[in-house]
1. Taking the range B:44-66 on its own, how many of its residues are part of a strand (DSSP E or B), surrounded by fewer than 19 Cβ atoms within 10 Å (Cβ to Cβ) and away from every other protein chain (no Cβ under 13 Å)?
2. So for the range B:78-96 (the condition being in contact with a Cys (Cβ under 8 Å, 6 or more places away or on another chain), open to solvent by 10 Å² or more (accessible area, probe 1.4 Å) and not acidic (Asp, Glu)), does at least one residue qualify?
3. Residues of the range B:25-39 being open to solvent by 30 Å² or more (accessible area, probe 1.4 Å) and in contact (Cβ under 8 Å) with a residue 12 or more places away in the chain, which ones?
4. Give me the residue from the range B:78-116 that is hydroxyl-bearing (Ser, Thr, Tyr) and in a loop (DSSP other than H, G, I, E, B) and, out of that set, modelled with the lowest pLDDT.
5. Name the single residue that is farthest from the other protein chains (Cβ to nearest Cβ) among those in the range B:19-43 being assigned to a loop (DSSP other than H, G, I, E, B) and charged (D, E, K, R).
6. Going residue by residue through the range A:29-39, is there one that turns out to be farther than 22 Å from A:PRO80 by Cβ and more than 15 Å from the chain's Cα centre (by Cα)?
7. For the range A:25-59, how many residues are among the polar types (S, T, N, Q), open to solvent by 60 Å² or more (accessible area, probe 1.4 Å) and closer than 22 Å to B:VAL4 by Cα?
8. Check A:ASN22 against each of (1) modelled with pLDDT of 95 or more; (2) within 14 Å of chain B (Cβ to nearest Cβ); (3) surrounded by fewer than 19 Cβ atoms within 10 Å (Cβ to Cβ) and name the one condition it does not meet.
Amino acid sequence: EDQVTQSPEALRLQEGESSSLNCSYTVSGLRGLFWYRQDPGKGPEFLFTLYSAGEEKEKERLKATLTKKESFLHITAPKPEDSATYLCAVQAPQSPISGGYNKLIFGAGTRLAVHP
Amino acid sequence: NAGVTQTPKFRVLKTGQSMTLLCAQDMNHEYMYWYRQDPGMGLRLIHYSVGEGTTAKGEVPDGYNVSRLKKQNFLLGLESAAPSQTSVYFCASSHSRRVTAKNIQYFGAGTRLSVL
């Protein structure tokens with residue numbers, strides 16, 4: 001069964017304290033791994049897509065990496081404005097009868113709090 | 001550019017009442033989705049559409065109906081609301097797989113629904 005597990009559930013950091021969030025997955029034929037940021041009371045906001053093991057993407061203080069079993073979201077010298085829930089999702093292959101839509105399987109997320 | 005707009009933002013229903021949630025997107029996307037988000041769980045797909053006039057069941061479709069009469073709109077209906085349908089509902093849209101936009105899903109801000 002396709003599954004996505006994120007850890008830790010919650011993470012508290014001091015401003016400037018670097019850390020990593022983990023997303024482990026089991027899926028037959030990964031088509032892509034997506035990272036989203038979700039602020040309280042808002043919808044998920046797209047951050048990165050990774051497609052193959054070894055691929056890396058960066059945006060400001062965030063860097064996403066991908067292996068065959070997991071992805072990491074590295075946060076370097078975080079600031080309070082980086083506080084949010086970070087969601088990981090994997091795209092699984094679809095049968096032709098599904099119309100080819102890109103099914104995403106989401107993890108439960110990691111709640112990150114960065115304190116001054 | 002509004003992106004994905006959901007209405008209403010909040011709603012309280014009594015058990016047995018019905019309601020319709022509206023999602024509108026202005027990005028000319030082919031695919032649209034309805035998800036629900038519950039504490040401690042990942043986003044779960046309720047129904048989706050791969051184009052105007054089409055709908056299909058997702059992971060948790062029971063108790064919901066959808067319609068896609070116009071390409072830009074996707075409606076989610078609750079025929080007889082139950083307390084188990086208390087949740088946050090998100091609409092999303094994406095290009096079809098024929099477009100090299102990497103199938104990124106863009107989300108609305110959500111509708112918070114309480115069923116008493």
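The values are calculated or read from the model by the stated rules, or taken from the named source; none is laboratory data. Note that the structure is a prediction, hence the values are computed from the model and not measured. Because the Cβ atoms are built from the backbone with ideal geometry, glycine has one as well, and the counts that use them run over all protein chains shown. Areas reflect the complete protein model, heavy atoms only, side chains present, ligands, DNA and RNA absent. Shrake-Rupley method; radii C 1.70, N 1.55, O 1.52, S 1.80 Å.
1. Final tally of qualifying residues: 1.
2. no
3. B:ASP26, B:MET27, B:ASN28, B:GLU30, B:GLN37
4. Of everything passing the filter in the range B:78-116, B:THR100 is modelled with the lowest pLDDT.
5. B:ASP26
6. Among the residues of the range A:29-39, at least one is farther than 22 Å from A:PRO80 by Cβ and more than 15 Å from the chain's Cα centre (by Cα), which makes the answer yes.
7. Residues in the range A:25-59 being among the polar types (S, T, N, Q), open to solvent by 60 Å² or more (accessible area, probe 1.4 Å) and closer than 22 Å to B:VAL4 by Cα: 0 in total.
8. (2)
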